[in-house]
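The structure under discussion appears below in the form of structure tokens.
The values are calculated or read from the model by the stated rules, or taken from the named source; none is laboratory data. Computed from a predicted structure; not experimentally measured. Note that we place each Cβ from the backbone using ideal geometry, even for glycine, and neighbour counts take in every protein chain shown.
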Amino acid sequence: MLLLGQQADMNSERGVECTGALPAASDPDLVERARVARAALGDRAFILGHHYQRNEVIDFADVTGDSFKLAREAAARPDAEFILFCGVHFMAESADILTSDAQKVILPDLAAGCSMADMAEINQVEDAWDVLVDAGLGERTIPVTYMNSSAAIKAFTGRHGGTVCTSSNAEVALRWAFDQVGGLDGDGKVLFLPDQHLGRNTAVLKLGLSLEECVVFDPRRPGGGLTEQQIADARMILWRGHCSVHGRFSLQNVEDMRAAVPGVSIIAHPECRHEVIAASDFVGSTEHIIRTLEAAPAGSAWAIGTELNLVRRLAQAHPDKSVHYLDSTVCFCSTMNRIDLPHLVWAMESLLAGRVVNQIVVNEDDAHWARVALDQMLALPGV
């Protein structure tokens, strides 16, 4: 990754050049410049802030939420000329897919990618599908991709009759997918992209599948590193991908926290490893974690297994509760943190000067098929 998105590295999928001069991060007038620019843009701009963003960015967001909520909020603002997405690349792509052609989606720093999304490249996924087709399993396999994936992967899913899911509706999406290939009692399969942990946790804890029925496809190894028999016996074919933040939490963290804070309740994001989820008291998406803390009684103690910016914000919002970070070390989402106040100010001031910077545009074919997959998700019960 490149410092503050500067310079160009064409071998990096996200680290491309952000043209223009950024305000210095230490500029004492930066907050005032942000206020002035935001006021001048008015209703022409709509600013979205993901829960994992820094407070300095969240302070200027019109709406905060998880990736799917923010994409839907963008689509619900057809009169906004500019959508400034303070999140990461795949989120801005989803917003571009769901908004009109007249709207422009801006990502303040093009180097704000997602390591999980980048673990599934379209050529790798197409090669994996060929492995399944060659094994005679193509017609009995439905792809399901997590929202945390590129537009190209969402489009692949749409082309092959699959759907998108979020951490909130993964169970519903997987049940739907299995119903397309004979149900949970049949022999159909789901190819789950790109987060193995969300797929495994949902399949085992919500659908009742066994760990042995979940296999991991490694795109860097021939045949995914699996034998034909392993693929034939599997119900869930999990992509070898993970979240660099949630993957850090360990069973030792859980045990240490219980020893240090008597009576603590542990709540973890389903992108965490299976042993962490199995040892937690509650599991849920960022929105679920927020709602759970809001409903918790005063004086209760909580350890939260998700990104540190959100945990700190929850601790500040609930001073009547004891809120702890589950990991023993500090771990922000490094790519999410690339969106900072200097980049946001630069993007807003550029728009006021008539320059559209860092616009995210998904090509027409990918946008069409990704929209098919997203629409299928929107049609699922309870979404």
- Query: Hey, which of the strands (runs of 3 or more DSSP E) in segment 208-327, taking only ones fully inside, have at least 2 residues that are of a type in the set (G, A, S)?
  - Reply: 265-268, 301-305
- Note on the structure: The one condition V345 fails out of (1) buried (at least 19 other Cβ atoms within 10 Å of the Cβ); (2) aliphatic (A, V, I, L, M); (3) not assigned by TED's automatic domain parsing to the domain that holds I106 is (3)
- Query: So which residues in segment 64-82 are among the aliphatic types (A, V, I, L, M) and either touching a Gly at 6+ places or on another chain (Cβ under 7 Å) or at positive phi (or both)?
  - Reply: L70
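Do you know which residues across segment 192-236 are β-branched (V, I, T) and without any contact (Cβ under 8 Å) to a residue 12 or more places away in the chain? I'd like the intermediate steps shown before the answer.
Here is the first cut: in segment 192-236, the ones β-branched (V, I, T) are 202, 204, 215-216, 227, 231.
Within segment 192-236, just T227 meets the criteria.
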- Identity of the residue in segment 354-371, aliphatic (A, V, I, L, M) and surrounded by 18 or more Cβ atoms within 10 Å (Cβ to Cβ), that ends up farthest from G161 (Cα to Cα): V357
- Query: Among L374, L380, which is outside any helix (DSSP H, G or I) and under 20 Å from the mean Cα position of the chain (by Cα)?
  - Reply: L380
- Of all residues making up segment 122-154, the number that are out of contact with any Pro (no Cβ under 8 Å at 6 or more places or on another chain) and not small (G, A, S): 17
- Message: Anything in segment 274-293 that is among the charged types (D, E, K, R) and either on the phi > 0 side of the Ramachandran plot or in contact (Cβ under 8 Å) with a residue 12 or more places away in the chain (or both)? List them, or say none.
- Response: E275, D281, E287
